[in-house]
Amino acid sequence: MRPPEGVGVEYGTEWVIEEILRENLEPVEENKTFEEMIEGCYPTEIKVDWLELNTVDILKTLSPCDWRIAQGDYMSSFEEDEELMSFDNGSTYFWTSDIENLIQ
């Protein structure tokens, strides 16, 4: 078997799985997924006096630490429910349904 060009082939089979995922699946955009949830749960814009401000931008700007914690908790809930999978200890996530569709 010839190794694919540009892929660091190592002993074992783990590199094969990583390469198949990289070629065939899009990783989950955690920030986008969390922002869409916030926009679905809360008004998109908040009116303060004469200003109409974007809810997501306000939360990110005023409390970036809370934003990151809430986003991490939100993504962890998907992982606990086995809707997300990671093969690199949480650096990159894939939707379980996408992986199942790839296998079928």
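The values are calculated or read from the model by the stated rules, or taken from the named source; none is laboratory data. Fair warning: this is a prediction, and the values are worked out from it, not measured in the lab. Heads up, the Cβs are rebuilt from the backbone with ideal geometry, glycines too, and the neighbour counts pull from every protein chain shown. Note: areas computed on protein heavy atoms with side chains; ligands, DNA, RNA excluded. Shrake-Rupley method; radii C 1.70, N 1.55, O 1.52, S 1.80 Å.
Tabulated data for the structure shown
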{"read-out": "The range 84-95, residues that are free of Cβ contacts under 8 Å to residues at least 24 places away in the same chain and more than 14 Å from Glu29 (Cα to Cα)", "value": "Asn89"}
{"read-out": "Which numbered condition Glu35 fails, given (1) modelled with pLDDT of 85 or more; (2) open to solvent by 50 Å² or more (accessible area, probe 1.4 Å); (3) of a type in the set (Asp, Glu)", "value": "(2)"}
{"read-out": "Contacts under 8 angstrom Cβ, first residue in the range 32-59 being over 14 Å from Tyr74 (Cα atoms) and free of Cβ contacts under 8 Å to residues at least 24 places away in the same chain, partner in a helix (DSSP H, G or I) and open to solvent by 90 Å² or more (accessible area, probe 1.4 Å), 6 or more apart", "value": "Leu59/Asp66"}
{"read-out": "Failed item in (1) hydrophobic (A, V, I, L, M, F, W, C); (2) closer than 19 Å to Glu19 by Cβ; (3) in contact with a strand residue (DSSP E or B) (Cβ under 6 Å, 6 or more places away or on another chain), with Leu53 passing the rest", "value": "(2)"}
{"read-out": "Hits in the range 12-32 (condition: within 19 Å of Trp95 (Cβ to Cβ), part of a loop (DSSP other than H, G, I, E, B) and open to solvent by 90 Å² or more (accessible area, probe 1.4 Å))", "value": "Glu26, Glu29"}
{"read-out": "Residue in the range 45-104 that is most open to solvent (accessible area, probe 1.4 Å), counting only those that are in a helix (DSSP H, G or I) and aromatic (Phe, Trp, Tyr)", "value": "Tyr74"}
